[in-house]
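Novice: Quick one: the structure is below, and I'll ask about it shortly.
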Amino acid sequence: MQTIAVVVVTALILYTLVGGIKRSIYKQLVTFLQNGHYASFDQKVDALLVKLLFSKQSLLDLRLNAAILQNQKRKALRYLEELERIPMPKSEKDTYMMKGFNYFIGLNDAKNAKKYLTKVDCSSNEQMKQEAHRVYNIYILKNDHDLPALLEEIEGMEDSQRGVHEFLISRIYKNKNDWENAQKYEHLSKTHFAFVDQQTSQKLKKHV
């Protein structure tokens, strides 16, 4: 019985130590990315210990973030395709497909944006699909199909919820060369985003 207890305690200690090492390494990798130290990130993420401690999905997720931050489109595509092949909950896979979609929208890459929009459409998350189609309509197709719905929806929103809608509305008006309304909604969007930032800052101060 004593031997079993010793084994259990030893296993718990090892588990705690390994967990602490993983957290420390992960924090270091994220810090490298945040500070733009990409060479240090590549060296660390390729280390044997890191490959032993972290799952393939976790490492691909980190590599994908690095590729996006460095605007390495080919690498981002490769990592997204590898992540798509890994068994994981559907909701997690949907999140990666949406991440890919948003990345290519940001690059104004119509071909790959459409490719990942098709993948997002396989999700059961209706809100995610609606948001993706709105963004695709506005940024790639540059139409105003969603303008009436966006204008109607913000009427029932709190100030803290309006920022994203107003930003999209501003973009639609820019596409229509309606600069007066574009500037109006861009200003409203910035105001409401600043309001949310202020609220978040105040909440954080209360917990310090």
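Novice: Looking only at residues that are in contact with a helix residue (DSSP H, G or I) (Cβ under 7 Å, 6 or more places away or on another chain) and more than 22 Å from Tyr136 (Cβ to Cβ) in segment 158-208, which one is modelled with the highest pLDDT?
Specialist: Leu188
Novice: Out of the residues in segment 117-155 that are free of Cβ contacts under 8 Å to residues at least 24 places away in the same chain and touching a Leu at 6+ places or on another chain (Cβ under 8 Å), which is farthest from Glu92 (Cα to Cα)?
Specialist: Leu150
Novice: Let me ask something additional. Scan segment 82-89 and tell me whether some residue there is out of contact with any helix residue (DSSP H, G or I) (no Cβ under 8 Å at 6 or more places or on another chain), exposed (fewer than 15 other Cβ atoms within 10 Å of the Cβ), farther than 20 Å from Tyr116 by Cβ and among the charged types (D, E, K, R).
Specialist: Checked against the condition, which is being out of contact with any helix residue (DSSP H, G or I) (no Cβ under 8 Å at 6 or more places or on another chain), exposed (fewer than 15 other Cβ atoms within 10 Å of the Cβ), farther than 20 Å from Tyr116 by Cβ and among the charged types (D, E, K, R), segment 82-89 yields no hits at all.
Novice: Identify all residues within segment 43-60 that are under 18 Å from Lys27 (Cβ atoms) and buried (at least 17 other Cβ atoms within 10 Å of the Cβ); write none if there are none.
Specialist: Matches in segment 43-60: Val45, Val50, Phe54, Leu59.
Novice: Now, a different point. Out of everything in segment 145-168 that is of a type outside the set (A, V, I, L, M, F, W, C) and crowded, with 17+ Cβ neighbours inside 10 Å, what residue ends up being farthest from Trp179 (Cα to Cα)?
Specialist: So the residue we want is Arg162.
The values are calculated or read from the model by the stated rules, or taken from the named source; none is laboratory data. Everything quoted here is computed from the prediction, not taken from an experiment. Using ideal geometry, Cβ is built from the backbone for each residue, glycine included, and neighbour counts are taken over all protein chains shown.
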